[in-house]
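Below is one structure, written out as structure tokens; the observations come after it.
None of the figures in this text is laboratory data; all of them are computed from the coordinates on show. What you see is a predicted model; the values in this text were computed from it and never measured. In this analysis, Cβ positions are derived from the backbone assuming ideal geometry, glycine residues included, and neighbour counts consider all displayed protein chains.
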């Protein structure tokens, strides 16, 4: 997940400071991933403005494609300061910044649709970028030479800095070892690919590998290095490796950094042999790991994984590689406890990762769901999971090309400079996710010089490295939504994992806080008024109670991994700079279909095949029959002293579209009905006949279950269900608020009032409430929080308190996580349900009557973030 800005942005600078040029046009270079930027390539004089979204000072290397041979970079980041129109502006005499020209890799130059004159990238280090602020640099073409460094052919060589170095094997050309502060770890890194299974889609072990299904042959082909170049210089040393005509990478070590960066480029993946391919980057170390490795949960808590093992059932893996792949949003780690060593790989996008042998890490260079990552699996057979076509995407008549980065840490677990290696990884993960935003401004030399003596500082003082302003969002003219986050887990670092005290009054420049209210995580409900169900189970653990202190009255304490959300009333100051951070996420929305196609319908041959018609028909049917309802029977169950969150559930994942040839003649938009009398000894929750299990096109997620249920509470678990009577009960779950919002804009007030009345009467209960479906569109926890906050805010504003969902829902692997449950609990959800359970896990749970569970959150957060959970059958 990355953030994007519009291509053209205007920022206001005080006219009294810059003269008549008070409007400065800032442009984003949106094609830097192929080393292309028209503004820097065609200009001999330009301004670089760099915004830092992190809450403490950050130093960041900047890379800009250029067509010249020599450049001068000038910095105005000094110590003398003056205050003007309540914006902190720092001014100093001009200082020259060390820069370096580095050749663009030949594989990038060869990209067929790259229309650029740049052969080199200008590299310089933006030092001490202010928290939530920006600094400007002036770049001009220079007549001098000497900043370009040198380039040499190499077999056996070292690159590095005083802290970390990397050695290349003379025979293979592969990475041989990494040394960090004198401690060496043997490691070999290579590119390989699995051959995607063709399969006939008749059973789990003969299924084709595709967009939804990872099924790979156990044999793989490796790629040998054919050439290697070594650019060196004052700032960065690189190794340019070519594995084949469709796979290459650049290995980098920057001065003053403690990690190794690997930038890979893969594609177009060849298919002339009629075989689909799934490329991986594999790291093999000499660490003894005893089958154990760790992956992050949505970019946050690290989870222990064990190869070929599941903690709650006896797993038997017919497909060892897919069965050991886990979502990797930001990091995958192996450790050798006996040696006290750790090896970690961080990524710049959500991917899949595994440890197929001790000491080994492999990462697929796209996610398991090809359509979610910029796609870099290329397969030739459909997996019969609803897409209807093979995962074989092209651009400009050829297979796609993908470019991304991995960041490697290796060394002692204890780390260096009194900072553990895990804490160093956390800090770098923040820099990757919240990378500084670079803007380019062109103009005459006089224009750029008149405005480049500037630095804006958004915080009155930098926060500690373990604290981040997660959200700073105006709610109205006098209210600001503020989220503060402690980014480390408990016990990750001896110092940085301690509680932190923050004085809110001292944080924000130009804001005078007059009152503070602590809110739920989504920012839409006062925390003091939150009431949630308390869940217990047969193996409930005693969990710590995490304090929520507010003192003085605007001083708060953050515990490890704690996120606290506040609404602050302020006295605003006119002329303050407002920065909006907008996370970019693409909803999957099916394969090669747009939002509008799903909403309005894509296939004219299917009657009313669009999301809008489901909302229309549900409202129409409920209005005609007050005995029918959608949602969950909350009020009735309250009278019994409990709330059953899993009762009589119809779910329809609107983003996937609808197979409307199964719609009932009465037009109610139902895809099927299953009626079955259940015994509590057989199943818990709601079930359906086996022959209802899949739709004609394999998309088995749009369905209706109808049954009547009684509630059975057992002392050793959450709510249990039995089915006694057989009557219809229609239940609707709307997942993505964006679709409901689209429908709402098209309705007149009369129709809107009908819908409001249905919600207020309890005939409709909304489920989930995220603006988009968080587990697919936003795999990182920060974007998940934003998507929920926006969706829940609109629902409550539109429908009042009755429109606020209390039940969560998710379906895909990046949502099958502790972090998803924890986020929902902190937003006030009573429970959640999910689908796509491992078929062996499902069978085990059905046999032991444990389809419901308590999802435990991080040990750092305590029992208040646990969530009652049920799986759909």
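Judged by the ratio a/c of the largest to the smallest principal axis of the C-alpha gyration tensor, the stretch 151-432 counts as oblate, that ratio being 1.5 or greater while a/b is no larger than b/c. Ranking of 260, 183 by neighbouring Cβ atoms within 10 Å, starting from the fewest: 183, 260. Site pair residue 314 and residue 555 shows an inter-label distance of 5.9 nm when each label is modelled 7 Å from Cα along Cα→Cβ.
Placing dummy labels 7 Å off each Cα toward the beta-carbon, the span from residue 527 to residue 172 is 5.1 nm.
Sorting 839, 294, 194 from the fewest to the most surrounding beta carbons within 10 angstrom yields 839, 294, 194. Modelled spin labels at residue 161 and residue 244, positioned 7 Å past Cα toward Cβ, are 3.5 nm from each other.
Fewest to most neighbouring Cβ within 10 Å: what's the order for 802, 29? Could you put the intermediate results ahead of the total?
Working: 802 16, 29 19.
Placing the least packed residue first, the sequence is 802, 29.
If R0 is taken as 35 Å, the Cβ-Cβ distance between residue 512 and residue 464 corresponds to a FRET efficiency of 0.90.
Here r is the Cβ-Cβ distance between residue 749 and residue 478 and R0 is 35 Å; the resulting FRET efficiency, rounded to 0.05, is 0.75.
The overall shape of the stretch 215-359 is oblate: from the C-alpha gyration tensor, with semi-axes ordered a ≥ b ≥ c, the ratio a/c is 1.5 or greater and a/b is no larger than b/c. For the stretch 498-534, backbone nitrogen atoms closer than 14 Å to the point 7 Å from residue 797 Cα along Cα-to-C-beta are found at 523-525.
Round to a whole angstrom and tell me the spacing of the C-alpha centers of the stretch 209-273 and the stretch 305-320. Going from one Cα centre to the other spans 30 Å. Extension gain for residue 338-residue 494 works out to 54.2 nm (0.36 nm per residue, less the C-alpha to C-alpha distance).
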